[in-house]
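Reading through the structure tokens given below for one structure.
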Amino acid sequence: QMQLAESGGGLVQAGGSLTLSCAASGRPFSHYAMAWFRQVAGKEREFVAAIAWHGGTTYYTDSVKGRFTISRDNDKNTVTLQMSSLKPEDTAVYYCAQDKRSDYYGGSDMDYWGKGTLVTVSS
């Protein structure tokens, strides 16, 4: 059983930066792709970024390209989302998730999910 714990959320002004971290435990971390999703109340959860098991391949939704960076440390079992130039529309609960496979192929059918961390961007 995998456990994922997000941290780093908070309140930030538009244009500011925030770094989210996700600590994983319970099963081999380095075997699987990892991803970040976000959800606004009343809306569907949406994909934000993903990273393959080796860290060499990353994926981003168009709205965050050039502003967000996903990375992972397989020795520390962590995945990080660095967010910069934040906009009010980035406000959401951000979820860390572990894929069923070693690379990300799209969708939201992940094996495990964290409980989420709230990011609020004020205008």
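The values are calculated or read from the model by the stated rules, or taken from the named source; none is laboratory data. These numbers come from a predicted model, not from an experiment. Reconstructed Cβ throughout: ideal geometry from the backbone, glycine too, with neighbour counts over all protein chains shown. Accessible surface areas use protein heavy atoms only, side chains included; no ligands, DNA or RNA. Shrake-Rupley method; radii C 1.70, N 1.55, O 1.52, S 1.80 Å.
Key figures
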read-out: DSSP beta bridge pairing in the chain, given as percent antiparallel to the nearest 5; value: 90
read-out: The range 58-73 - phi-based ³J(HN,Hα) in whole Hz, Karplus 6.51/-1.76/1.60, Gly and Pro as x; value: 10, 9, 9, 6, 4, 5, 10, 4, x, 10, 10, 9, 9, 8, 9, 10
read-out: Accessible area per residue in Å² at 1.4 Å probe, computed on the chain; value: 51
read-out: Binned Cα-Cα distance frequencies in the range 42-123 - 5 Å width, integer %; value: 3, 13, 25, 28, 19, 9, 3, 0
read-out: For peptides 83-93, 39-49, sequence by mean Cβ density within 10 Å, most packed first; value: 83-93, 39-49
read-out: 10 Å beta-carbon shell around TRP53, net charge (K/R +1, D/E -1); value: 0
read-out: Carbon and sulfur %, accessible surface of the chain computed with the full protein complex present, 1.4 Å; value: 46
read-out: Rounded to the nearest 10 Å², the accessible area of THR19 at probe 1.4 Å; value: 70
read-out: Amide H contacts under 5 Å for ARG101, placed H, 5+ residues apart; value: ALA33
